[in-house]
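Contents: one structure, followed by commentary.
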Amino acid sequence: MRARFGTIALLLTISASLLSFASCSRATRGPQRPATTVLIDNRSSHEMTIYVWRGAERMRLGTARAINETRLTLPSGMVFGGTSLRFQADPIGSNRAPISSEILVHEGDQVVLRIPPY
């Protein structure tokens, strides 16, 4: 298990996925790529829009409800081997938008984002 800590009120934990995927009933081309997911543990009272940054490219992943856990899947083209990513939690109705430091994410990893109450 690899762990990295964000510097702006976000805690990130990465763990390799141990799930194996069953083949679909339809024909597929090439091997299935494991999904890379983000589990957001939003302990704040604000609903958050979650973004992922790869270099200067920002992509919206979805919304994390207040005081709830939300699982989002990174787009399949976002992670190639080991990719440095940052995550941003933008509270809806607020002007603060903390962003994590860069972490190395591999295909099939699960990133856990813990947003503390504030």
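Listed values, structure above:
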| quantity | calculated |
| --- | --- |
| Total residues in the range 42-84, condition within 21 Å of residue 104 (Cβ to Cβ) and either among the small types (Gly, Ala, Ser) or in a strand (DSSP E or B) (or both) | 20 |
| Subset of the range 70-101 (residues that are surrounded by 12 or more Cβ atoms within 10 Å (Cβ to Cβ), of a type in the set (D, E, K, R) and over 12 Å from the mean Cα position of the chain (by Cα)) | 90 |
| Odd one out for residue 104 among (1) in contact (Cβ under 8 Å) with a residue 12 or more places away in the chain; (2) not in a strand (DSSP E or B) | (2) |
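Read the figures in this text as sums done on the coordinates, not as results from a lab. None of the values given here were measured: they were computed from a predicted structure. Neighbour counts are summed over all protein chains in view; Cβ atoms, including those assigned to glycine, are modelled from backbone coordinates with ideal geometry.
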